[in-house]
Amino acid sequence: MTLRSGRALRSLPGYPLAGFKERRLELEADGVDVIDLGAGDADLSPPRAVIDALRGAAEEAAMSRYPFQVGLPAFRRAIASWMETRFGVTVDPGTEVLPLIGSKEGLAHLPHAVLDPGDVAIMPDPGYQAYLGGTVLAAGEPWLVPLRPENDFLIPLDELPRDVVTRARLLFLNYPNNPTTASAPETYLRRAIDFCHEHGLLLAYDNAYSEIAFDGYRPPSILELEGARDIAVEFHSLSKTYNMTGWRLGWAVGNRDAVAALSRVKSFVDTGAFLAVQAAGVAALGCWGSWVPGNVRVFESRRDRAVACMCAAGYEATPPKATMYLWIPVPGGEPSGDFARRALDQEGVMVLPGAALGQGGEGFFRIALTVPEARLEEAAARLGRLR
Ligand SMILES: Cc1ncc(COP(=O)(O)O)c(C=O)c1O
């Protein structure tokens, strides 16, 4: 039998870095010292307390049982308590919190919970692939809105076509934003909440980078704002905050009906994150105040070094207020994919072409602050030779 994938799957774009990984391996086999600034996956370690908590929990037989969607009650309580400490948001751990196997999982499953076939989900372009993938696989219709510098990389909500808005049920927003690094002012977030109220949309607010912020900036939770709880569900992740990308742990929080619907979808497709990992999540949230600032200082210092070196190398790099990326215009109007390919082939540097996360990202490339400063300096010097 020749397997033919379904129409929805066929309509999805290819893997953003298809071909790049293979090329990297070839270059490394030839002795090239490749610097990988492509993926948002830092070289840093999780907190010691988290590793110890996992080890301890793994020894307990009870942790090897099925987690189901309830998960570890202590993790739900730790999330609720952190939401209160960090944002002043009070949530019920039983009904307004849902542990996820990484936030990507929840973002991708949410459309299955709320869309009927043909319903529109409005999303940023470029944007994290889970929004598009989840929507298309749920037979929804994605409406991609380009994030442009002239709009401060915000979705211009009041300029969306009326018929699209009428058919829309879901709006994905992500600030601090990957890949553009933009942050959203509170006035914009208030408008987004009103917009969702006016048009009957659920707002999926992706806050994966809420804790990687610099110069005293403290990204808000959408749930801090009035009226949000009626229409919004927010997604958090331990991946970037604690250098735990591989551990697969995050959560959804907010509107009770949305949380319940997402939990129901998940009950048909997964059985929850390993309980010992959830116990480690309790330890992670417990050391937030003492550990996270030091980790953020590492990213801040890398940001400053990378911006300085990229500018010295002739690029228009500006310092972002948040996230672990720089979003830089591709010089000379070269397509971002061609530029990224040249960066790898000629200089052994992996960057993410802007168009890899959607055509709206064309004209830019992203570098991730995932390697030590000396490597960022070296990468910038090499990229300078491409100009
Ligand atoms: C914007 C955004 N949202 C969500 C995620 C997913 O994070 P995780 O599934 O590791 O929690 C990422 C990861 O890169 C991201 O960039």
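The numbers here are math on the coordinates, done by the rules we state, and not lab data. Just so it is clear, the structure is predicted and the values come from calculations on it, not from any experiment. Here the Cβ is made from the backbone with ideal geometry for all residues, glycine too, and neighbour counts use every protein chain on show.
For Cα pairs less than 8 Å apart in space and 6+ apart in sequence, what is the mean separation divided by the residue count of the chain, i.e. the relative contact order in percent?
Details: 752 pairs, mean separation 95.8, N = 387.
Taking the mean separation of contacting Cα pairs over the length of the chain, I get 25 percent.
Between Phe68 and Asp215, the modelled labels are 4.9 nm apart [label points 7 Å from Cα along Cα→Cβ]. Counting only whole DSSP H helices of the chain, the ones at least 30 Å long by C-alpha along their axis and with mean Kyte-Doolittle hydropathy no lower than -1.0 are 288-312.
Under the simplified labelling scheme, the Asp33-Arg7 pair shows an inter-label distance of 5.3 nm, with each label point 7 Å from Cα along Cα→Cβ. Residues of the stretch 1-39 falling in the label zone of Arg167, defined by backbone nitrogen less than 20 Å from a point 7 Å along Cα to beta-carbon, are 7-13.
Fully extending the segment from Glu60 to Ser81, taken as 0.36 nm per residue of separation minus the present Cα-Cα distance, adds 5.1 nm. Taking 15 Å as the straight-line reach from the Cα of Lys240, the aspartates and glutamates in range (excluding those fewer than 8 positions away in the same chain) are Asp41, Asp43, Asp206, Glu211, Glu300. Take the alpha-carbon centre of the stretch 293-316, take the same for the stretch 30-73, and report the distance between them in whole Å. Each part reduced to its Cα centre gives a spacing of 26 Å. When exposed loop sites are taken as GluC sites (Glu not before Pro) in a DSSP loop with at most 13 other Cβ atoms within 10 Å, the longest stretch of the chain clear of them is 61-225.
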